[in-house]
Amino acid sequence: MKPPSCQLTFGQPDLPPAAAALRHEVRELLAAELAKGTWARSERSWGGHNPELSRTLGAHGFIGMTWPRRYGGSERSYLERYVLTEELLAAGAPAGFHWVADRQSGPLVLRFGSEEQRQRFLPPITRGELSFCIGMSEPDSGSDLASIRSQAVLEPGGFRLSGTKIWTSNAHRAHFVIVLCRTSESSNRHGGMSQLLVDLKSSGISVRPIYNLLGSHDFNEVVFDQVWVPEDCLLGEEGSGWEQVTSELAYERAGPERFLTNFHVLKELVRLMAERPSALAQREVGRLVSHLYTLRRASLAVAGLLASGATPNVESALVKDLGTHFQQELPQVARRLAADEGWRDDAFLELVQRATMVAPAYTIQGGTTEILRGIVARGLGLR
C-alpha cells in the first residue's frame, strides 16, 4: 500500500464566546414554538416541512446566519451557525422547508452567483420564504456525478433543459432546484457542466413521488422535458459546474445532521439505561456516546475549515461516511439492548422501528458509501 500523499486536516476549533448565549436563545425559542403548537414533538425530524417555523426562525435571524447583512444575513460565524444546527437537531425541529437553501443553495449563490441573483434569492431565503432542493443524482448514475446525462442546450436568451434527476428530496414542496447538467461538449468527463437555477413551476417539469419503507414521501424523481431556463439563471460560469458542485458537497456532507438525525433515539436509550444500568447497556451506550463525541469534533473541524474559506472535500466525505455508519448502527444497538434487557417501552420501540426503516436512506443521501470512500482514498493518495 502506498503511503498517504496528503494529511487530513482536523483541527480543534473552539466555539466562540457568543455560542452559549445563542444556544440558550435557540432553546427558548424552540420550546416556546413547541408549546404554542407551531410544530409537534411527534415530527422528530429536521426534514419535516413547516414553513411557519421557518418564517419564525428567519424573523429571529436564524437563517443565512453567516451571510452579509445586505442580503438579509446576520454576519455571524460558521461555528455559531453550527450551534444553531445542533439545537434544531436535538429538538427534532422540522426545519426542512429552508434547510437546503440555508445549508448549501444560498452559500452557492453567494459564492458563485451574480449580484442580481444574490439580491433576488438570498433575502427571501433568510426570511424563511423561499425553499430549494438539490438536482444532482440521476437514474443509472447514482453518486457518480461525472456520468450525468441531463443536457441544457443554449438558445437565444437562455437554455432548453431536458433530463431526469432522482432522490430529489422535497422537490414536490420546493420553489427552486439547482440542476447540474451538461451545457457543452468536453473530452474531460468533468468538463462541459454547468448549474442552472430552475423554477419548479416552469412548464415541462414533472415531479414523481418515491415512497420510502415507512410510506412517507420525501424523495422524488424529477423529469425536465424541454424546460426553458432564462440565461440569467445560469449560476456561475458556463462549464464550471463540476468545480461548483464539488464545493457545494462540502456543505452537505459534514454537518451535524449526518450523525444527529436519530439523536432522540439515543436520548431515550440513555433514559432507559439509567433506569436499569446493566454492565452490557452501559458498555454499549458508552461506546455510542464516545463515537458521537468524536464525530462532533470532526464535524466542528470541518465547520472551522469552511469558515476559513477552505473546501474540505476529503474531510467532509469522511465525516459523512462515519456518520452514516453511526446512524445505522444506533437503532441496531437499541433493538438488541431492548431484547437483551427486556425493555417493554412501546414509545421507545416505535421510535427505534421508525429509525430502522429510515436508516437505508442514509447510505444514499449526500453520496453513497462507496463513492465517499473513493474520495477519501484518492485524497490520501491510496488509489
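The values are calculated or read from the model by the stated rules, or taken from the named source; none is laboratory data. Everything numeric in this text was worked out from a predicted model, so none of it was measured. Quick reminder, even Gly has a Cβ in these numbers, built from the backbone with ideal geometry, and neighbours come from all protein chains shown. Side chains are part of the model used for accessible areas, which takes the heavy atoms of the whole protein and leaves out ligands, DNA and RNA. Shrake-Rupley method; radii C 1.70, N 1.55, O 1.52, S 1.80 Å.
Assorted remarks:
- Label reach from Glu350 (point 7 Å along Cα→C-beta): in region 328-344, amide nitrogens under 18 Å belong to 335, 343-344.
- Zone residues, region 333-354, relative to Arg276, backbone N less than 15 Å from point 7 Å out along Cα-to-Cβ: 334-349
- Computed over the chain with a Gaussian network model linking Cα atoms closer than 10 Å, the most mobile of Glu238, Glu350, Glu221 is Glu350.
- Considering only Gly47, Leu372, Leu108, and ranking their Cα positions along the charge dipole of the chain that arises from unit charges at the beta-carbon of Lys, Arg, Asp and Glu, the one farthest toward the positive end is Leu372.
- Rolling a 1.4 Å probe over the heavy atoms of the protein chains gives region 1-125 an accessible area of 46 Å² per residue.
- Think of a 1.4 Å ball rolled over the protein heavy atoms: region 300-377 then has 41 Å² of accessible area per residue.
- Sulfur and carbon atoms: percent of accessible area, the chain [1.4 Å]: 52 percent
- The charge dipole of region 56-206, taken about the Cα centre with unit charges on the Cβ atoms of Lys, Arg (+1) and Asp, Glu (-1), comes to about 200 debye, rounded to the nearest 20.
- Across the options Val358, Asn262, Gly163, the greatest Cα extent toward the positive end of the charge dipole of the chain (unit charges at beta carbon of Lys, Arg, Asp, Glu) belongs to Asn262.
- The modelled label-to-label distance for the pair Ala146/Arg297, using points 7 Å beyond Cα in the direction of Cβ, is 3.5 nm.
- GNM result for the chain, Cα springs below 10 Å: residue of Ala359, Ala174, Ala21 fluctuating most strongly: Ala21
- Computed from point charges on the beta carbon alone (+1 for Lys and Arg, -1 for Asp and Glu), the dipole magnitude for the chain about its Cα centre is near 680 Debye.
- Length gained on full extension, Asp225 to Gln7, computed as 0.36 nm times the residue gap minus the Cα-Cα distance: 74.0 nm.
- Result for the chain in a Gaussian network model with C-alpha springs under 10 Å: among Ala281, Ala347, Ala31, the largest mean-square fluctuation is at Ala347.
- Rounded to the nearest 20, the size of the Cβ-charge dipole of region 62-122 about its Cα centre is 200 debye, with Lys and Arg at +1 and Asp and Glu at -1.
- Accessible area expressed per residue, region 176-238, with surrounding protein chains retained (probe 1.4 Å, Å²): 49 Å²
- 3J(HN,Hα) from dihedral phi, region 81-88, Karplus parametrisation 6.51/-1.76/1.60, rounded to Hz, x for glycine, proline: 4, 4, 4, 4, 4, 4, 5, 4
- Simple label model, 7 Å out from Cα along Cβ direction - Asn212 to Leu15, nm: 2.7 nm
- Gain on full stretching of the segment that runs from His60 to Arg287 - 0.36 nm per residue minus C-alpha separation: 78.0 nm
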